[in-house]
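We did not get these values from a lab; they are worked out from the coordinates using the rules stated. All values derive from a computational prediction rather than experimental measurement. For neighbour counting, all protein chains shown are included, and Cβ atoms are generated from backbone atoms with ideal geometry for every residue, glycine included.
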Amino acid sequence: MLFQHIYDKSLAQASYFIGCQQKAVAAVIDAKRDIDTYLEIAKANNMEITHIFETHIHADFLTGSRELAKLTGAKLYLSNEGGKGWEYEFPHQGLKDGDKIQVGNLSFEILHTPGHTPESISFLLTDNPASKKPVMLFTGDFVFVGDVGRPDLLEKAAGIAGTANEGATQMYHSLQKFNALPDYVQVWPGHGAGSACGKALGAVPSTTVGYEKERNWAFQYANNEKGFVKYLLEDQPEPPKYFAMMKHLNKVDRPLLTEVPALKKLSPEQLKEALTNGMKLIDARHKTEFADGFIPGSINIQGNNSFATWAGWLLKYDEPFIILAAENQLDDLTRKLMRIGLDNIYGYVSAPQDWTKTGGNLEKAKVLSLQETKELLNNNNVQLIDLRGAAEYNAGHIANAENVFVGTLIDNLEKINKHKNVIIYCQSGDRSSIGYSLLSKYGFSNVSNFSGSIQEWVNAGEPVIS
């Protein structure tokens, strides 16, 4: 058996390439959209991809399953569980609980494991030449390392009322199937630490059934369904706004994108015309570079592992946009964006000087040190805004800070007082740079960014309240 774990750090998302070397055939589970990765693995190992599996209709990324099927001729094997409203709307081979699929000498048994979503399934793998006992379980968003999939996304992100409690109850009962598996079975989940699909995901890529039974919080509620449901639903992180679109696009028949698109470089004149017409500009430079000189109205989303997530919060799928980034970043950023379906990139520029060449001026951010922040906070005419998520804020924040999550800041601009000195902060300064750029874009000139944020505040021994 050939096994490869493919991990996208930007979305903390795992996919899998599993091949039968004797028969030279392979399956891919939960493919990301830039599918050249799997084609290269197949070519390097002289294998043909014949089977494409998905664990569920994903909300956090746009799968590449259909693109991969188009280029390889492989067959799609997708869940037919979940009932009305949870059917994939394009041709596929439907899978039900107890079904078995052969990939060469490998066997995959289907387990219906609802909870995260009604149609969720897991794949139990047996490597028949080695043993007749199962060896691996691919759980998708069912069981993670140290956590289980959140059941509230359908309600919070997709707006399907009443599904959170029902999903939590389903998750409780699905865990009984997991609990019945041999302790030695390896568990390979669909996400790792940093994913918004759970609240306490572990950082290691895999685990075992036995380890999770001992250490995963969910199995400590084996005889307490009510307590399990309550704990599972509380303090879940805010689901990114783009999740609803992913649920839709992963379910319906949509246009396919089989290769990473090349971006068009804009001339200074093209940039000026686009910005004059209201097109959004995403500045992917480091926050300190942005603060030192940025194009008015641009939004600072640093080109790190959180780039796609924040782009998904702040960009609309039907609007073109521009990227400001170094040439050597473009392929990586384009891949990050296409993984959540943000393909409507009008073009790029590589430096803010493309704006000044047309006569435009750059702006500088008002950045505060710890000492400057403390001095300003002694002034009664100050509004302090904590841009972190609600659970982070509740765990500990600076006294008198108001919580306005940066992902929903544009929808809550009325909460920002234009008649006071406004100080914003987050955990380490990344989100507050996004927040500063947004407030600047929408006309707030009274805002300063405490760049060290709560991390520097706590490290200096300053108090927090919870």
Using only Cα atoms, find the angle between the long axis of helix 163-179 and the longest principal axis of the chain, and express it within 0 to 90 degrees, rounded to the nearest 10. 40 degrees
Counting Lys and Arg as +1 and Asp and Glu as -1, each charge on the Cβ, what is the dipole of the chain about the Cα centre in debye, to the nearest 20? 200 debye
What does the charge count near Lys177 come to, summing +1 for each Lys or Arg and -1 for each Asp or Glu among other residues with Cβ under 12 Å from its Cβ? -2
Dividing the convex hull volume of the alpha carbon atoms of region 1-118 by its residue count, what do you get in Å³ per residue? 101 Å³
Step through the residues of region 387-400 one at a time and calculate ³J(HN,Hα) from phi using the Karplus curve (6.51 cos²θ - 1.76 cosθ + 1.60, θ = phi - 60°), rounding each to whole Hz and writing x for Gly and Pro. 8, 7, x, 4, 5, 5, 4, 5, 6, x, 9, 6, 3, 6
Region 2-249, relative contact order [Cα under 8 Å, separation at least 6], %: 16 percent
Once normalised by the length of the chain, the mean sequence separation of its alpha carbon contacts under 8 Å that are 6 or more apart gives a contact order in percent of 12 percent
If I compute mean projected area of the Cα convex hull in nm² from the structure I just sent, which labelled value in (i) 23.2; (ii) 30.0; (iii) 20.2 lines up? (i)
Just report the Cα centroid separation between region 289-347 and region 397-430, whole Å. 22 Å
Relative packing of 392-398, 348-354, 29-35, which averages over residues the other C-beta atoms within 10 Å, highest first: 29-35, 348-354, 392-398
Rg and Dmax of region 268-356, Cα atoms, in Å? 11.9, 33
Over region 255-324, what relative contact order in percent results from Cα pairs under 8 Å that are six or more residues apart? 36 percent
Sort 63-75, 362-374, 41-53 by the packing proxy (mean of other Cβ within 10 Å over each peptide's residues), most packed first. 63-75, 41-53, 362-374
Return the calculated 222 nm mean residue ellipticity for the chain, to the nearest 500 deg cm²/dmol, obtained by summing -39500 (n - 2.57) across DSSP H runs with n ≥ 4 and dividing by the residue count. -7500 deg cm²/dmol
What is the sum of charges, Lys and Arg at +1 and Asp and Glu at -1, for the other residues whose Cβ falls under 12 Å from the Cβ of Leu233? 0
For a Förster distance of 51 Å, can you work out the FRET efficiency between the beta-carbons of Gln220 and Asn381, rounded to the nearest 0.05? 0.55
Quickly work out the Gln102-to-Glu40 label distance, labels modelled 7 Å from Cα along the C-beta direction, and quote it in nm with one decimal. 3.4 nm
Between the Cα axis of helix 430-441 and the main Cα principal axis of the chain, the angle (0 to 90°, nearest 10) is 50 degrees
Between region 126-166 and region 29-75, what is the separation of their alpha carbon centroids in Å? 19 Å
Going by average Cβ neighbours within 10 Å, how do the peptides 455-461, 404-410 rank, with the highest at the top? 404-410, 455-461
Of His191, Ala284, Gly227, farthest towards positive along the dipole that unit charges on Lys, Arg, Asp, Glu beta carbons give the chain: Ala284
Sorted from fewest to most neighbouring beta carbons within 10 Å, what does the list Cys426, Cys20 look like? Cys20, Cys426
